[in-house]
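Trainee: First, the structure itself, so that you have it in front of you.
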Amino acid sequence: MELLTPGSGLIIWQAIIFLALILLLKKFAWGPIISSLKEREVGIEESLAAAEQAKSEMASLKSDNEKLLKEARLERDVMLKDALTTANKIKEEAREETSKISSKMIEDAKATIENEKKAALADIKTQVSLLSLDIAEKLLRKQLGNEKEQKALVDEFVKDLNLN
Amino acid sequence: MTEKPRLNKFKLLIVSLLTFVLLLANTANIFASDPVSDPEADQEEFNPSETIVHHVLDDHIWHFFDGHYGTLYLPVIVYSSEKGFDFFSSKNFYDDHHNMVEYKGYSLEHGLHIVGDGHGEHAEGGFLLDLSITKNVATLLINALILFLVFRAVANGYKKNHGKAPKGIQAVFEPLVIYLRDDVIKPNIGKGYEKYLPYLLTLFFFILFGNIIGLLPGAANMTGNIAVTLVLALFTFIITNVKGNKGYWGHILSPPGVPMALKPLIVLVEVIGIFTKPISLTVRLFVAITAGHIVMLSLISLAFIFGSIAVGAASSLIVLFINLIEILVAGIQAYVFTMFSALYIGMATAEHDEHH
């Protein structure tokens, strides 16, 4: 049957045309197409890898930053704490000093007051004694101005003596 | 912004309409009556099988439609052992009334073969080679030209849009090329697949374009011709056996794990297997494409057998549907041929680490 018998002329033509087509397309089409595709794929892969690397670098940078921040925060906390204790210490010392000074001053004042008091009392005593002496003298002078009165006094003394 | 989608829709509509018209025209064209037959042929009894076979076969003329300019007379190139090369138009085989005549001692038998010895007599044992540019050869050339222009344009797209996204025709074929490379050729061949890319890509697009061209009105059943599919299969056969490595031949000539007594039988089967592969490739494509054409022609023949317009309308609709299926088959057969070729090449070149 003709349908199933390949024509020899057609076989030859097909072989020639197909082979030529393969070679032509290889040179003018598949070569450039495949190399361009490959180039693009390599490019995409490289950019993806670069992006990935940038991402990981960014992440490490971020974690570094965070670490630094954390350290700084810790340091700040320590500094604050130190400052606080120092301030407290200073305050405490100042308070102690003040109380010491004030108590000393009070003591001094007390002592002075005591001394003054003593001095004043002594002075008063002297004054009183002097006054009494004056009074006594004046009394004596007035009472013993005459014989009778002198005698009465002596009598009285004597009476007192007798009583004793 | 809203203009563009509408324009695209419009384009799509135009394309669909054109496709529809072309498909209908195809069905109408097929049964435009033979230029070979004389005017009284219409009165002759309609012979569907003869008409159908005639339409799927090769021809020395290319008939598009009836009338004075509807037929293209293709050049005849013939070589005979006695007269050497001869070159003339196939119009010389037809007289003014489309009757077959002899020319330069050659004659077209059944409108297809050149017979004769160059002296008007049949000489026994005379060698004759018909190298005419037949309908199929012309289609081969057109197919090759289209392939070359299309893929050169695609390749130029890569130069023009270097470093940019693919555009236009480049964007149409790039996914196909990538699909073939990554999902058909690479997995079947494995390492070193790049070497076979030019052949297999050419093979795929040659068959695909050829199949689709074959569906156009008035076109030749080129990829449904056994000579064409045979040559394609022979290319795969040659590559497979030339590139076949030690493991491949070892498996054929000394199959491992087979008892000594069975070895001759298995080797025989394996050797036959070398040849059944290209035969299956040849026959599969030939049958798939030719069968599609025959089904369509048969359905249209119904209209002429029943002589009814209603049957014609119904069968035209069915043929339209089958034509769409044939477009699908065009892709599937191109894929299958390429896939099996890649598989055979892959089997012959695989590094045999595993032992069965």
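The values are calculated or read from the model by the stated rules, or taken from the named source; none is laboratory data. Note that the structure is a prediction, hence the values are computed from the model and not measured. Cβ placement follows ideal geometry from the backbone for every residue including glycine, while neighbour counts extend to all protein chains displayed. Heavy atoms of the whole protein, side chains included, go into the accessibility calculation; ligands, DNA and RNA do not. Shrake-Rupley method; radii C 1.70, N 1.55, O 1.52, S 1.80 Å.
Trainee: I'd like the distance separating the alpha-carbon centroids of region B:208-276 and region A:1-75, in whole Å.
Mentor: Taking the Cα centre of region A:1-75 as reference, the centre of region B:208-276 is 31 Å away.
Trainee: Averaged over its residues, how many other protein chain Cβ atoms are within 10 Å of peptide B:199-211's Cβ atoms?
Mentor: Details: counts 6, 2, 7, 10, 3, 0, 4, 6, 0, 0, 0, 0, 0.
The per-residue average across the peptide is 3.
Trainee: How many lysine pairs does region A:91-153 hold where the Cα atoms are under 19 Å apart and the two sit 8 or more places apart or on different chains?
Mentor: On the way: A:Lys91/A:Lys100; A:Lys100/A:Lys110; A:Lys110/A:Lys118; A:Lys117/A:Lys125; A:Lys138/A:Lys148; A:Lys138/A:Lys151; A:Lys142/A:Lys151.
Counting lysine pairs in region A:91-153 gives 7.
Trainee: Cross-link candidates for A:Lys38: which lysines have Cα within less than 22 Å, leaving aside residues fewer than 8 places away along the same chain?
Mentor: Hits, sequence-local ones excluded: A:Lys26, A:Lys27, B:Lys159, B:Lys160, B:Lys164, B:Lys167, B:Lys186, B:Lys191, B:Lys195.
Trainee: Suppose R0 equals 56 Å; then what is the FRET efficiency for B:Val267 and A:Met58 from their Cβ-Cβ distance, rounded to the nearest 0.05? Don't skip to the answer; put the middle values down first.
Mentor: Working: r = 64 Å, r/R0 = 1.15.
Using R0 = 56 Å, I get an efficiency of 0.30.
Trainee: Ok, one more. When the distances between all Cα atoms of the protein assembly as shown are binned every 10 Å from zero, what whole-number percent does each bin get?
Mentor: 3, 12, 16, 16, 12, 7, 4, 3, 2, 2, 2, 2, 2, 2, 2, 2, 3, 3, 2, 1, 1, 0, 0
Trainee: In region B:156-173, which residues become less accessible by 40 Å² or more once every protein chain is in place, relative to the chain on its own, using a 1.4 Å probe?
Mentor: B:Tyr158
Trainee: Tell me which residues come under 5 Å, amide H to amide H, from B:Tyr94 once H is placed; ignore anything under 5 positions away on its chain.
Mentor: HN-HN under 5 Å from B:Tyr94: B:Val101.
Trainee: Residue by residue, what Karplus-based ³J(HN,Hα) values in Hz, rounded to whole numbers, does region B:289-296 have, using 6.51, -1.76 and 1.60 with θ = phi - 60° and x for Gly and Pro?
Mentor: Residue by residue, region B:289-296 yields 6, 5, 4, x, 5, 5, 4, 4 Hz.
Trainee: Looking only at A:Ala15, A:Ala136, A:Ala51, which one moves most when chain A is put into a Gaussian network model with springs between Cα atoms under 10 Å?
Mentor: Evaluated over chain A, the most mobile residue of the options is A:Ala15.
Trainee: In what sequence, largest accessible area first, do B:Val258, A:Val128 appear using a 1.4 Å probe?
Mentor: Details: B:Val258 35, A:Val128 80 Å².
So the residues, ranked largest to smallest area, are A:Val128, B:Val258.
Trainee: Next up: Using a 1.4 Å probe on the protein heavy atoms, what percent of the accessible area of the protein assembly as shown belongs to carbon and sulfur? List each step's numbers first, then the result.
Mentor: Values: 21280 of 32260 Å².
Carbon-and-sulfur percentage of accessible area, whole number: 66.
Trainee: OK, next. Show the residues, 5+ positions off or on another chain, whose built amide H is closer than 5 Å to the amide H of B:Ser132.
Mentor: B:Ile77
Trainee: Okay, moving on. Mind checking how much accessible area A and B bury in total, 1.4 Å probe, in Å² rounded to 100? Spell out each step's value before the answer.
Mentor: Values: alone 15670 and 20340 Å², together 32260 Å².
Buried area (both sides, nearest 100 Å²): 3700 Å².
Trainee: Then there's this: From the phi of every residue in region B:306-321, what ³J(HN,Hα) in whole Hz does the Karplus formula 6.51 cos²θ - 1.76 cosθ + 1.60 yield, where θ is phi - 60° and glycine or proline is x?
Mentor: With coefficients 6.51, -1.76 and 1.60, one gets 7, x, 10, 5, 4, 4, x, 5, 5, 5, 4, 5, 5, 5, 4, 4 Hz.
Trainee: Also: Could you work out how much longer the chain between A:Ala51 and A:Lys148 gets when fully extended? Use 0.36 nm per residue separation minus the Cα distance between them, nm to one decimal.
Mentor: Residue separation times 0.36 nm, minus the Cα-Cα distance, leaves 20.7 nm.
Trainee: I'd like the Karplus ³J(HN,Hα) series for region A:141-152: coefficients 6.51, -1.76, 1.60, θ = phi - 60°, whole numbers in Hz, and an x wherever there's a Gly or Pro.
Mentor: 4, 6, 6, 9, x, 10, 5, 4, 5, 4, 5, 4
Trainee: Continuing with the same structure: At 1.4 Å probe size, with every protein chain present, just tell me what the per residue accessible area of region A:1-98 comes to in Å².
Mentor: Values: 7450 Å² over 98 residues.
Heavy-atom accessible area per residue stands at 76 Å².
Trainee: Shifting gears a bit: Other chains' Cβ within 10 Å of B:135-146 residues: what's the mean? Before the final figure, lay out each step's value.
Mentor: Numbers: counts 1, 5, 8, 1, 0, 7, 3, 0, 3, 6, 2, 0.
Counting Cβ atoms of other protein chains within 10 Å of each residue's Cβ and averaging gives 3.
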